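Contents: one structure, followed by commentary.
The values are calculated or read from the model by the stated rules, or taken from the named source; none is laboratory data. This one's a predicted model, so the numbers in the text were calculated from it and none came from an experiment. FYI the Cβ positions are ideal-geometry reconstructions off the backbone, even for glycines, and counts take in every protein chain you see.
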Amino acid sequence: MITSKLQKIINDQITAELWSSNLYLQMSYFLKHQGWDGFAHWMKVHSDEEREHATRMADYLTDRGGQVKLQMVNLVPEGWGSVPEVFEHSLNQEKMVSKMIDKIVLHAIEEQDFATENFFRTFVDEQVEEEALFSGIVDKMKNSGDTGLLFLDSVLAKRPSE
Ligand code: OFO
């Protein structure tokens with residue numbers, strides 16, 4: 001049985017994952033509206049991935065005898081100044097999520113809840129990948145002009161759905 005403290009922070013994490021999902025979905029439609037179909041597609045796939053993280057965490061909490069309590073998900077921003085700004089924002093969001101996940105692992109260790117530690121360590125690894133993914137795109141955008149952006153849009157259009 002999971003402690004109420006861990007249950008609370010896992011429920012907060014589920015909310016953060018859903019917020020990320022909404023943020024990326026909003027970014028996707030913002031990009032689509034501006035004609036960037038490839039970036040929009042990529043961001044929509046990522047939005048789905050975040051929702052899947054939330055449900056994976058909720059399933060885990062339930063399996064451990066905890067109670068999932070879906071909370072209010074705050075509004076997300078509606079617009080950005082440029083395409084690179086969108087991706088920089090998402091990179092910062094991922095960095096924040098990484099810190100939250102580290103905190104869960106730390107609490108799990110303190111409480112000697114090794115199942116929760118193990119489960120969330122997979123997300124620690126996943127966050128390394130996600131930060132590298134976003135940061136790679138941000139770097140490419142910094143190094144490319146308008147033509148490079150067009151090329152990148154066509155490359156990211158090929159991201160397979162999960
Ligand atoms: Fe990319 O954040 Fe989920 O875990």
Exercise for the section: Return a yes/no flag: does segment 51-64 have any residue that is part of a loop (DSSP other than H, G, I, E, B) and modelled with pLDDT of 95 or more. Expected result: yes
Problem - Which listed residue, of 112, 127, is modelled with pLDDT of 95 or more and part of a helix (DSSP H, G or I) - result: 127
Problem - Some residue of segment 141-162 being within 19 Å of residue 54 (Cβ to Cβ), outside any helix (DSSP H, G or I) and of a type in the set (S, T, N, Q) - result: yes
Practice task
Confirm whether residue 71 is in contact with a helix residue (DSSP H, G or I) (Cβ under 7 Å, 6 or more places away or on another chain), farther than 30 Å from residue 154 by Cβ and either of a type in the set (A, V, I, L, M, F, W, C) or surrounded by fewer than 19 Cβ atoms within 10 Å (Cβ to Cβ) (or both).
Solution key: yes
Exercise for the section: Take segment 89-127 and flag every residue that is of a type in the set (A, V, I, L, M, F, W, C) and within 11 Å of the ligand (Cβ to nearest atom). Expected result: 91, 96, 97, 100, 101, 104, 120, 123, 124
Handout entry: Single residue of 90, 82 found to be under 18 Å from residue 44 (Cα atoms), surrounded by 15 or more Cβ atoms within 10 Å (Cβ to Cβ) and of a type in the set (S, T, N, Q)
Key = 90
Problem - Qualifying positions in segment 103-162 - among the small types (Gly, Ala, Ser) and over 19 Å from residue 61 (Cβ atoms) - result: 132, 135, 136, 144, 145, 148, 154, 157, 161
Handout entry: Sole residue being assigned to a loop (DSSP other than H, G, I, E, B) and either within 16 Å of the ligand (Cβ to nearest atom) or modelled with pLDDT under 95 (or both), chosen from 86, 76
Key = 76
Completion exercise
Within segment 29-58, the count of residues that are without any contact (Cβ under 8 Å) to a residue 24 or more places away in the chain and away from the ligand (no atom under 15 Å from the Cβ) comes to 5
Exercise for the section: Restrict the check to segment 25-45 and report whether at least one residue is of a type in the set (Phe, Trp, Tyr), in a helix (DSSP H, G or I), farther than 18 Å from residue 157 by Cα and more than 13 Å from the chain's Cα centre (by Cα). Expected result: no
Practice task
Go through segment 114-125 and give me each residue that's in contact (Cβ under 8 Å) with a residue 12 or more places away in the chain and surrounded by fewer than 20 Cβ atoms within 10 Å (Cβ to Cβ).
Solution key: 115, 117, 121, 124
